[in-house]
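In what follows, a single structure is set out as structure tokens and then discussed.
The values are calculated or read from the model by the stated rules, or taken from the named source; none is laboratory data. Not measured: the values here are computed from a predicted model. Here the Cβ is made from the backbone with ideal geometry for all residues, glycine too, and neighbour counts use every protein chain on show. Side chains included, ligands, DNA and RNA excluded: accessible areas come from the protein's heavy atoms. Shrake-Rupley method; radii C 1.70, N 1.55, O 1.52, S 1.80 Å.
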Amino acid sequence: MTNHFIDYKNSDVVMVIGANPAENHPQAMKWILRGKAERGTKLIVVDPRFTKTAAHADIYAPIRPGTDIAFLLGIINYALEHNLYFHDYVVNYTNASFLVDPNFKFEDGLFSGATTKDGQFVYDPTTWQYQKDKDGKIKRDPTLQDPNCVFQVLKRFVSRYDIKTVCRVTGTPEDVYRQVCELYCSTGRPDKAGNIVYAMGITQHTYGSQNVRAVAILQLLLGNIGIAGGGINAQRGESNVQGSTDMAMLYHLLPGYLSCPDATRHPTLKDYLEKETPKTSFWSNTPKFLISQLKAWFGAKATPENEFCYQWLPKLDGKEHSHMAIFQSMAEGKIKGFFAWGQNPAVGGPAAEPTRKAMEKLDWLVVVDLFETETAAFWRRPGADPRKIKTEVFFLPAAFSYEKEGTVSNSGRWIQYRWKAVDPPGDAKSDLWIVDRLFKAVREEYRKGGRFPEPILNMVWDYDAPGSEEPDINKVALEINGYEVDTGKPLPGFAKLTNTGSTACGCWIYAGYWYPDPDLGVVAAKRRDRTDKTGLGLYPKWSFAWPANRRIVYNRCSCDPSGRPWDPARALVYWDGSKWVTFDVPDFGAKDLATGAEIPPEKSAQNPFIMVPEGVGRLFGAQYGPRAAALKDGPLPEHYEPIESPVRNLMSKQQNNPLAKIYQGEGAARGKPEKYPYILTTHRLVEHYQSGAVTRNSPWLTELMPEMFVGISPRLAAKLGIKPGDRVVVLTARGKVYGRASVLPTLQPLKVDGKEVEVVALPWHWGYQGMAPGDSANVVTALFGDPNTFIPEYKALLCDVRKA
Amino acid sequence: MPKAVLVDLTKCIGCRSCMVACKQWNDLPAERQGFVNDWATPRDTTAETWTVVKYYIEDKGGRVVWRFVKRQCMHCVDPACVKACFAGALRKTPEGPVIQDPSRCIACLYCFNACPFQVPRYRTGGEGPVIMQKCRFCFDPGGIYDRVGQGQAPACVRACPGGALKFGEREALIKEAKERIAQNPGRYVNQVYGESEFGGTSWLYLSDVPFEELGFPSAARPAMLSLLTWTPLAAGLWLAAKEA
Ligand code: SF4
Ligand code: SF4
């Protein structure tokens, strides 16, 4: 999130698109309701289902699953056509005035540069660049009139998304859609704040990244980034999924969002730093971040002479290793062992049955969890023959959240310490205990020999707490926070990091979270001070928000170039004529680090988006050096149909995202609308959590939500002769699942290009284990992915439904 | 000063945390009532489920309205159940809660029949005698389930993330409810349910949907079977049965 949960109360308009906070983030919903009660916040809910969140909406806009880009681009078009965008913000703080290569084109649903490589469709992004003058500076037209400036390019691009066309695509009634456009665009003013809240409904598509880009473009045009009550607020699906992303659970990253080294592109540290360090933006400090990380991991062994042990890092082989790719490799027998650690892919991953089957190819499987999950029990699942499955399965009982201590990073980037309430039962251990013992056992094996033992034998691993079974979590936290190598003293923040090896830091964005607060006498992550001077809910001394305890990122954008707040009632920082007054930690150079002198606003007005090489928000995702905004599938979001769709693409003859990733095997089978006429979408419920591994083992929660069901509209039920509670079967090209029919007016057919389209909704919490077993919705989902993130397309597929 | 809870139905998000918190605090077992079409299982209060959130889903000519209505014992100001109970198992406390003494309950069903909200339920099955059980407003003087007597809000109120439940003094909450109505024209129906209905209740409700539509009994109708208030005849019969 750019902002944080409490900040929702500061919004004038909240648009929830592809999220259902009332069920999946009740604590976030509380702040939306607070805003409604205290300042009359208006709530727009865009969802194919009338959700519990929609129950509180001022405007509920039904939308066909998978058409968010059309929906959002239509609002962008409306803002541009009616001059409702925030002109001064757009001119000064976005790349609207930047000139784009005149050869950049968009024709027939494809961007310029379409070509093939090794038989695959790819884009050559050469034309997705800015024009530069002879000194290499980007050419600009602050009048926004040049036909090649980003503003005009964008305007032309979205002009096809008029209300009529959008509604033919999305199925949203025109009058409702017009109200959404009017209400949301009313926030394009200095004294108004609009907040877009999203979750998996936006991301889980074969163009999920472009969906997010569309959200970003709209928010930039309306001047809603960097201000209280605004922002792009992605609600993460688990309490600490933000923390695990920060710690690089994704294969292409190192902790702190540093790129993972690539064997071909970065054979040496020098190559890595040259190619991955942008010349401008805060990322120009990349060498400090990486070298300090190497010092944290390899200690005294890491020296300038040996590239700080860079060669000991694992490197990417140019292949994809995301979730779906891992299971494809597993199915091909290329993966011998697998740790499912707090993860239940047999229920939670797409195409569940091929996933379960793939695990049959493993020699061993270790499951670390609270209960014997479907993944742990895959070898005796219904329909499997245990005698034929050779995989050796180990189960390590893990402590629950409240049975261990440590930090949890929420969606708003607040790293909050959580103390242990009770001891774990029986043999259950904390994850730290398990990983500590595991590492030591592996190291023991390497001491006896093995290939490439150096990284393991030389890894800094000294977390023992004398006299205690449990490793010392303070030592781990200090390493993540960073410390001076000579003294071992914690670093107050990442500004102190060096590229010489004098500092060590496991995750640069966390620097400062373990630094003692001088007033409160505890480390920052343990702070619980409720002081809120501004009344904006910033609570600067409650825990620690990365980066640098900043609550609202890009907050320079909350004032005009001369430092006057756009909206004095929502001021986060402002220039009082001689110095900066800061309620939030400034996200720009406010003071000269060396001299302490105030830096006047004109300077920071040049690059209010300090993490971005251009220094400004990117309406057009240009190909511009490392950390460019260009996605693999284009510099602007364009509507394509989901891989399985009941209709032709009305926007171009390009039916699907040409770069959509389609995997192999039965899990990637594509269904046709003739056979599978209804749209299938998946969702969660408040009573269960993810794959239900814990909640379906909790009697009080299974009591509330005991059985798998299939949501269908009253109209479809009538057509198929299905009564509420009937057992029905949902079929897709991948398989079938059974459940009880839930027939409610919360689902209604949509009119898409004159044709009625039905949506069938499946909650995905069930599996064959636990107190309340039931069919897993993911048996019928597919191995279709986004080309940038490889997230599966869980939200828009095709199915058939019958009475079972 | 009698305590009360103000339920603002316009703020309820249907998260059902209150239901779980109630079971957790009161050590109540889970039941298995099975699937219901509108997801709101368990549908109704039982001897082991003292509070439920009922769903009201209506298609009002293309506009769907979905409301979540927490129900439990209303802790009436002048409770019919207490009047009906000749075994002396129920009493109205000065603090507001209507609480029961299970050791005195003889499972006569009188309170169930007297209650205008059909709240009292009887534990059948399981061990021990058949007794009436219902919400006790987390008031258990001297017992392990006490919260209100210790100056704490009931468990459900404590758990509510939506801000739908507010615990306080009855008089103050009625005042606040009226202020909310006055300050938000058009947001609520002009009624604080429980202020005077059935002689007044300790659980008070605000809503934007008329209360009758949400299944609240209208005070205009006579309370069901209120005739079955304790009579000497009935008492004699029951006492005889007990002694036999
Ligand atoms: S709601 Fe029913 S059980 Fe509760 S106090 Fe009133 S009459 Fe008694
Ligand atoms: S806890 Fe509060 S918001 Fe949740 S269902 Fe109960 S009353 Fe409603």
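Beta-bridge orientation, region A:661-803: approximately 70 percent antiparallel, per DSSP, counting only bridges with both partners inside. Only Cα pairs under 8 Å and 6+ residues apart enter the sum, and on that basis the relative contact order of region A:515-619 stands at 18 percent.
Within the same chain, lysines fewer than 8 places from A:K388 are excluded, and of the rest, those with a Cα less than 16 Å from its Cα are A:K357, A:K361. Each of B:A155, B:T93, B:I144 was scored by the projection of its Cα onto the charge dipole of the protein assembly as shown, and the greatest displacement toward the positive side belongs to B:T93; charges sit on the C-beta of Lys, Arg, Asp and Glu. The residues of chain B expose on average 45 square angstrom of accessible surface per residue, using a 1.4 Å probe on protein heavy atoms. In chain A, Cα pairs under 8 Å separated by at least six residues give a relative contact order of 16 percent. Taking a straight line from the alpha carbon of A:K336, these aspartates and glutamates sit under 17 Å away, with near neighbours fewer than eight places off in the same chain left out: A:E360, A:D363, A:E392. Between the amide H of A:V523 and those of A:D517, distances stay under 5 Å, these residues lying 5 or more places away or on another chain, with hydrogens modeled in the peptide plane.
The string of couplings for region B:61-66 from the Karplus curve (6.51, -1.76, 1.60, θ = phi - 60°) is x, x, 9, 8, 10, 10 Hz, one whole number per residue in order, with x for Gly and Pro.
GNM on chain B, alpha-carbon springs under 10 angstrom: the most fluctuating residue among B:G215, B:G96, B:G142 is B:G142.
For region A:407-520, what is the relative contact order in percent, using Cα pairs closer than 8 Å and at least 6 residues apart in sequence? RCO, region A:407-520: 17 percent. Counting, for every residue in B:183-190, the Cβ atoms of other protein chains within 10 Å of its Cβ and taking the mean gives 1. Note on chain B: lysine pairs with Cα distance below 13 Å, sequence gap of 8 or more or different chains, count 9. The sum of -39500 (n - 2.57) across all DSSP H runs of n ≥ 4, divided by the residue count of the protein assembly as shown, sets its helix-only mean residue ellipticity at 222 nm to -6000 deg cm²/dmol.
Packing, as the average of other Cβ atoms within 10 Å across residues, places the peptides A:86-95, A:167-176 in the order A:86-95, A:167-176, highest first.
By DSSP, the beta bridges lying fully in chain A are antiparallel in about 55 percent of cases. Take each peptide in A:750-761, A:726-737, A:427-438, B:66-77, count the other Cβ atoms within 10 Å of every residue, and average; sorted highest first, the result is B:66-77, A:726-737, A:750-761, A:427-438.
Note on A:25-36: average number of Cβ atoms from other chains within 10 Å of each residue's Cβ is 4.
Surface composition of region A:661-803: carbon plus sulfur atoms contribute 53% of the solvent-accessible area (1.4 Å probe, protein chains only, all chains present). Under 1.5 on a/c is rounded, so check that first for region A:661-803, then, if it is not, pick prolate when a/b is larger than b/c and oblate when it is not; a ≥ b ≥ c are the square roots of the alpha carbon gyration tensor eigenvalues. Because a/c hits 1.5 or more and a/b fails to exceed b/c, region A:661-803 counts as oblate. A simple spin-label model places pseudo-atoms 7 Å from Cα toward Cβ; at A:K751 and A:R447 they are separated by 7.6 nm.
When both region A:223-237 and region A:279-327 are represented by their alpha-carbon centers, they are found 30 Å apart.
When each of the peptides A:774-781, A:563-570 is scored by the mean number of other C-beta atoms lying within 10 Å of its residues, the order from highest to lowest reads A:774-781, A:563-570. Bridges between two residues of region A:7-234, per DSSP, are antiparallel at a rate of about 40%. Take region A:7-234 with all the other protein chains still there, run a 1.4 Å probe, and you get 32 Å² of accessible area per residue. Amide H to amide H distances under 5 Å link A:I791 with A:D786, where only residues 5 or more positions off or on other chains count and H is placed in the peptide plane. Less than 5 angstrom separates the built amide H of A:W542 from those of A:D529, all sequence-distant by 5 or more or on a different chain. Counting Cβ atoms of other protein chains within 10 Å of each Cβ in A:51-57 and taking the mean gives 5. Interface area, chains B and A: about 3000 Å² of buried accessible surface, summed, with a 1.4 Å probe and ligands, DNA and RNA left out. Classify chain A: rounded, prolate or oblate, from the alpha-carbon gyration tensor (a ≥ b ≥ c, eigenvalue square roots; a/c under 1.5 rounded; otherwise prolate if a/b is larger than b/c)? It comes out rounded by the Cα gyration axes.
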